[in-house]
1. Working only within segment 127-176, note down all residues that are over 22 Å from residue 230 (Cβ atoms) and in contact with a Phe, Trp or Tyr (Cβ under 7 Å, 6 or more places away or on another chain).
2. Name the one entry in 201, 225 that is small (Gly, Ala, Ser) and within 28 Å of residue 54 (Cβ to Cβ).
3. Does residue 39 satisfy the criteria of being in a strand (DSSP E or B), touching a residue at least 24 places away in the same chain (Cβ under 8 Å) and either over 30 Å from residue 143 (Cα atoms) or of a type in the set (Phe, Trp, Tyr) (or both)?
4. So if I check each of 67, 49, which one is closer than 30 Å to residue 261 by Cα and modelled with pLDDT of 95 or more?
5. Taking the options 203, 197, name whichever one is within 17 Å of residue 128 (Cβ to Cβ) and crowded, with 18+ Cβ neighbours inside 10 Å.
6. Looking at (1) modelled with pLDDT under 95; (2) closer than 30 Å to residue 41 by Cβ; (3) out of contact with any Phe, Trp or Tyr (no Cβ under 8 Å at 6 or more places or on another chain), can you tell me which one residue 233 breaks?
7. Hey, among 15, 25, which residue is closer than 30 Å to residue 144 by Cβ, assigned to a helix (DSSP H, G or I), of a type in the set (A, V, I, L, M) and at pLDDT below 95?
8. Check 213, 231 and return the single one that is of a type in the set (D, E, K, R), surrounded by 18 or more Cβ atoms within 10 Å (Cβ to Cβ) and more than 18 Å from residue 66 (Cα to Cα).
Amino acid sequence: MKILSTLIGVLITQALLFQTASAQAGKTALVPLPSVDDFTKGNDGWGFGLGLGIEYESAYEGSDEFGFEASPAGAAQWRRGNDIFYWAGESLGWRSLRNDIWLLEATVGFDEGREEGDSDDGRLKGLGTTGEGTELVLQARRALTAEWRYWLDARVVTGDNGSLGLFGVGRRFGSRVDGTGSDLSIVAVFHDGMRANNNFGINAQQSLASGLRATDLGGGFRSIGVNYTYRHYLSENCQVFGEALYERYSNDIDDSPVARSHYEAEVGVGFILLF
C-alpha cells in the first residue's frame, strides 16, 4: 500500500506539472515578438503588468555622459480578438493583427524633452528646455515568414517637435509563441529639419546664452540603429526582460556642438508582475 500510495502521488504530481506546462505553452501573444508586450495571456478582456526597470543610458541624445535610471514598467491592456488597447505611462495606444502577417499600431504620447539639468557637467547650460510636446506614432510591421521569424518594420513619429521615420528589418529567436524569447532589429532613421534642430540645433538666442556655435540642421538621414529585446517567464505571473540599444549618428549630427558623442546607447533590465 505504501508503494501504491507513493506511485499515485508521483502520477498526480506529474499530471499537475504537465497541466501547468501545457497552460504556459498555450499562451498566445498577439504576435510572438518579445519587443511587443502582451499581458493578456491570449485571453479577451483586461491584462495588467506592473514592474520596475533599471537602465544605464546616455543622459540625453548626443551625450557622452552615462548614468543609471529607474523607471516603472508595464501597462494596462484590454484585448478583444486581434485588437489590444493599452495605457502605458504617458501613452495611449492601439495595436491590431491583420491576416496574421500585419501588425498595425497607433500611439499618442507625451515627450518630456530635454532640460539643461540633464547634463551633470553643465554642457546644456543656456540651451533651455527643448523637445517637450505631444507626438503621434504610427507603425506597421509585416511578417516575412511563419511565426514572425523575420519581419519588416516602418514607423512614423510626428508632433509638436517635427517628424522622424524609421525603416528596418527584424529577426526573432526562440520557438515559443507567448511573447518570450528574444528579437533583434536593425533600423535606419530619418528626420525632418524641425526635429533635427530641436534635438541637435542651436539658434541665435541659445548661442548667445551658451557660448556654443549656432547650428542649423537640415532634414535627412539621422542614424542607423540596432535594438535587442529579451523576455522570459520566471513563473506564471512574473516576467523578466532586458533591452540593449545602440544608435550611430550621421556626420551631420556629429558636426553639432550638442553631440558630444557619435552615438547613443542604452542597456536595461527589469521585471513585470502580471495580474
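1. Answer for segment 127-176, where residues must be over 22 Å from residue 230 (Cβ atoms) and in contact with a Phe, Trp or Tyr (Cβ under 7 Å, 6 or more places away or on another chain): 134, 140, 142, 154, 164, 165.
2. 225
3. Against the criterion (in a strand (DSSP E or B), touching a residue at least 24 places away in the same chain (Cβ under 8 Å) and either over 30 Å from residue 143 (Cα atoms) or of a type in the set (Phe, Trp, Tyr) (or both)), residue 39 does not qualify.
4. 67
5. Checking each option against the conditions leaves just 197.
6. (1)
7. 25
8. Only one candidate passes the filter, namely 231.
The values are calculated or read from the model by the stated rules, or taken from the named source; none is laboratory data. This is a predicted model, so every value here is computed, not measured. Note: ideal-geometry Cβ built from the backbone for every residue, glycine included; neighbour counts use all protein chains shown.
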